[in-house]
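The values are calculated or read from the model by the stated rules, or taken from the named source; none is laboratory data. Because the structure is a prediction, the values reported are computed rather than measured. Positions of Cβ are generated from backbone atoms using ideal geometry, with glycine treated the same way; all protein chains shown enter the neighbour counts.
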Amino acid sequence: MPMNTPTELPVYMFTGFLDAGKTTFIQDALETRDFNEGEKTLLLLCEEGEIEYEPEKFYQKDGEEVVIERIEDPSDLTTFNLTAMRKKYQPTRVLIEWNGMWDLAALYENMPLGWVIYQQVMLVDSTTFLMYNANIRQRTFEQLRDAEMVAFNRCKRDDKFEEWQMEAHKICRVANRKSQILYEFGKDDLLMDNIQDPLPYDMTKKLIVIDDDVYAEWYRDINEKQDEYEGKEIIIKGRAVVGDEMPAGKFIFGRHVMTCCEADIQFAGLLCRWDEKKTGRLQNGQWVEIRAKVKNEYDPIYEEVGPVMYCSNVTKVDPCQPEVATF
């Protein structure tokens with residue numbers, strides 16, 4: 001017999017570190033009919049701060065309620081336990097107040113079939129953000145990376161704000177270029193981030209030279225905005241990856257990129273096509289400068305449509321300094 005597929009269960013994630021304002025934010029949301037129309041809600045508390053919830057103030061109707069489950073340890077967030085809670089309470093949605101010191105990847109891996117993250121908001125205490133980012137960068141990065149909105153609270157309108165805002169903005173944009181960023185100075189005193197992030201090279205030109213220190217930004221942009229690079233010619237340095245399984249006339253061009261910390265370094269590369277008769281067989285890992293035209297097309301190596309670099313020139317060069325690219 002065919003197995004029944006669980007119906008979709010919306011999950012709303014509220015991340016951030018201790019005392020970031022998550023409880024206050026969720027409390028206010030559940031008191032308003034804009035967010036809470038009385039749906040049966042399962043609220044998972046993964047940490048407890050100084051502020052306690054006041055369920056009697058939540059908006060409710062027709063006997064529906066907000067059920068609170070406290071999660072004492074990340075090991076309790078198993079697929080079995082989460083499925084059992086859904087069966088027990090029959091919620092129509094789940095809210096999670098996340099513990100910023102826990103590994104988000106473990107939660108994603110254990111979410112039961114049918115649980116779908118509808119929205120993820122990161123709450124941030126502006127007075128401690130730079131400290132957390134400096135000391136536990138990986139935990140900060142993974143929350144910023146997945147957040148649709150980053151809400152900075154306890155901001156101050158003083159002569160240091162613009163400098164602080166620019167630094168905070170850059171940290172957010174390295175992790176996530178699409179999230180909304182909000183600054184809160186007080187109740188009903190909000191500022192939306194509208195800082196523009198121009199690319200460090202001129203996209204209006206047909207031939208674009210990518211400097212060594214902007215490889216990471218270029219790589220992210222060409223993957224996010226493939227159509228804008230169609231037909232452009234690129235001059236850029238990186239490493240050639242070849243191997244016995246690589247078809248003749250193809251190689252992977254790229255560099256190692258660090259987005260968060262040393263543990264997060266990955267090779268970021270694109271497929272290249274070229275006539276190896278012109279240059280001879282490339283050595284695996286050698287540094288090259290390529291001049292190539294971008295075509296967006298399907299290739300079995302990608303298993304989908306992606307940017308393919310058609311090289312007109314491949315030249316051996318000295319390694320970039322530093323060799324690992326960063327944002």
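List, please: which pairs have Cβ atoms under 6 Å, are six or more places apart or on different chains, and start with a residue in region 250-276 that is not assigned by TED's automatic domain parsing to the domain that holds A216 and end with one that is in a loop (DSSP other than H, G, I, E, B) and among the charged types (D, E, K, R)?
Listed pairs, sorted by first residue: none to list.
In region 96-149, how many are part of a loop (DSSP other than H, G, I, E, B), polar (S, T, N, Q) and in contact with a strand residue (DSSP E or B) (Cβ under 6 Å, 6 or more places away or on another chain)?
1
Any residue at all in region 62-80 that's in a helix (DSSP H, G or I) and among the aliphatic types (A, V, I, L, M)?
No, region 62-80 contains no residue that is in a helix (DSSP H, G or I) and among the aliphatic types (A, V, I, L, M).
Please enumerate the residues belonging to region 41-63 that are surrounded by 16 or more Cβ atoms within 10 Å (Cβ to Cβ) and farther than 26 Å from T127 by Cβ.
Answer for region 41-63, where residues must be surrounded by 16 or more Cβ atoms within 10 Å (Cβ to Cβ) and farther than 26 Å from T127 by Cβ: T41, L42, L43, L44, F58, Y59, Q60.
Under 6 Å between Cβ atoms, which residue pairs at least 6 apart in sequence (or on different chains) link something in region 97-119 that is free of Cβ contacts under 8 Å to residues at least 40 places away in the same chain with a partner that is buried (at least 16 other Cβ atoms within 10 Å of the Cβ) and of a type in the set (A, V, I, L, M, F, W, C)?
Short answer, once both residue conditions are applied: L107/L77; N110/L77.
So how many residues does region 183-204 have that are in a strand (DSSP E or B) and either in contact (Cβ under 8 Å) with a residue 40 or more places away in the chain or surrounded by fewer than 18 Cβ atoms within 10 Å (Cβ to Cβ) (or both)?
7
Hey, D159 hits all of (1) assigned to a strand (DSSP E or B); (2) surrounded by fewer than 17 Cβ atoms within 10 Å (Cβ to Cβ); (3) of a type outside the set (S, T, N, Q) but one; which does it fall short on?
For D159, the exception is condition (1).
Scan region 1-18 for residues that are surrounded by fewer than 16 Cβ atoms within 10 Å (Cβ to Cβ) and under 28 Å from G186 (Cβ atoms) and report the count.
1
Taking only pairs six or more apart or across chains, which ones have beta-carbon atoms under 6 Å, a first residue in region 20-43 that is assigned by TED's automatic domain parsing to the domain that holds D125 and modelled with pLDDT under 90, and a second residue that is part of a helix (DSSP H, G or I) and hydrophobic (A, V, I, L, M, F, W, C)?
Listed by first residue and then by second, the contacts come to F35/A29; N36/L30.
What's the number of the only condition in (1) assigned to a loop (DSSP other than H, G, I, E, B); (2) surrounded by 15 or more Cβ atoms within 10 Å (Cβ to Cβ); (3) of a type outside the set (A, V, I, L, M) that F152 fails to meet?
Going through (1) assigned to a loop (DSSP other than H, G, I, E, B); (2) surrounded by 15 or more Cβ atoms within 10 Å (Cβ to Cβ); (3) of a type outside the set (A, V, I, L, M) one by one, F152 breaks only (1).
Here is a list: G100, G114. Which entry is over 30 Å from E184 (Cα atoms) and either surrounded by fewer than 17 Cβ atoms within 10 Å (Cβ to Cβ) or at pLDDT 95 or above (or both)?
Selected residue: G114, the only one of G100, G114 that is over 30 Å from E184 (Cα atoms) and either surrounded by fewer than 17 Cβ atoms within 10 Å (Cβ to Cβ) or at pLDDT 95 or above (or both).
Please list, ordered by residue number, the helices (runs of 4 or more DSSP H) wholly in region 205-316 having 3 or more residues that are modelled with pLDDT under 95.
Numbers: elements: 215-224, 226-229, 276-279.
Passing ranges, in order: 215-224, 276-279.
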